[in-house]
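A quick write-up on the structure given underneath.
Quick note: the coordinates plus some simple rules give every number you see, no bench work behind them. None of these values were measured; they are calculated from a predicted model. For neighbour counting, all protein chains shown are included, and Cβ atoms are generated from backbone atoms with ideal geometry for every residue, glycine included.
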Amino acid sequence: MWVYGGIRIFVQEIGENGKQNIARLQPVVGGTVKQVFGYEDLIYRVNGVVVGDADKDALMALRKNGVPYTLSGYGTDYGELLMNTCSFSRVQCIGQTLRSDLACDAPVYTVELELYE
């Protein structure tokens, strides 16, 4: 089980990316001139499933407060991460079996999070 800010997420995919900031100048004569201006911190993209409106609403609320939360799951701790974006799509299903503590007809959502290190 994965948790972000105390909210359960059934993660299906997690990826990370980062980049270096490089300005490239193309002089009229000569080769390309490159200047390095540092790098960006890692960005994590999390795709998963959330069950229930309470967890969906709680995740949406985390994008408003500017507080970093811990992302962890299955023995891995990604540290304190800030939520940049959060998007949901409702899954059409007859009944959910992921969370036995919620009703069988609780809504199921796919979630995409973009978290900044």
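How far apart, in nanometres, would the label points at Met60 and Asn21 be if each is projected 7 angstrom from Cα along the Cα-to-Cβ direction?
Here the modelled spin labels are 3.3 nm apart.
Can you give me the Cα centroid spacing of region 1-56 and region 78-109 in angstrom?
After rounding, the separation between the Cα centres reads 22 Å.
Go through region 14-104 and name the GluC sites (Glu not before Pro) that are in a DSSP coil and have 15 or fewer other Cβ atoms within 10 Å of their Cβ.
Loop-located and lightly packed - Glu40.
Can you list the residues of region 76-117 with backbone N under 13 Å from a point 7 Å past the Cα of Met1, pointing along Cα to Cβ?
98-102
If I fit a long axis through the Cα atoms of helix 53-62 and take the longest principal axis of the Cα atoms of the chain, what angle between them do I get, 0 to 90°, rounded to 10?
Once rounded, one gets 30 degrees.
Would you list which aspartates and glutamates come within 18 Å of Lys19, measuring only between C-alpha atoms, while excluding same-chain residues fewer than 8 positions from it?
Glu40, Asp41, Glu114, Glu117
Name all residues of region 39-61 having a backbone nitrogen under 20 Å from the label point set 7 Å from the Cα of Cys93 along its Cα→Cβ direction, giving them as ranges.
46-60
Give me, ordered by chain and number, the residues 5 or more places off Gly5 or on other chains with an amide H under 5 Å from its own placed amide H.
Answer set, sorted by chain and number: Thr70.
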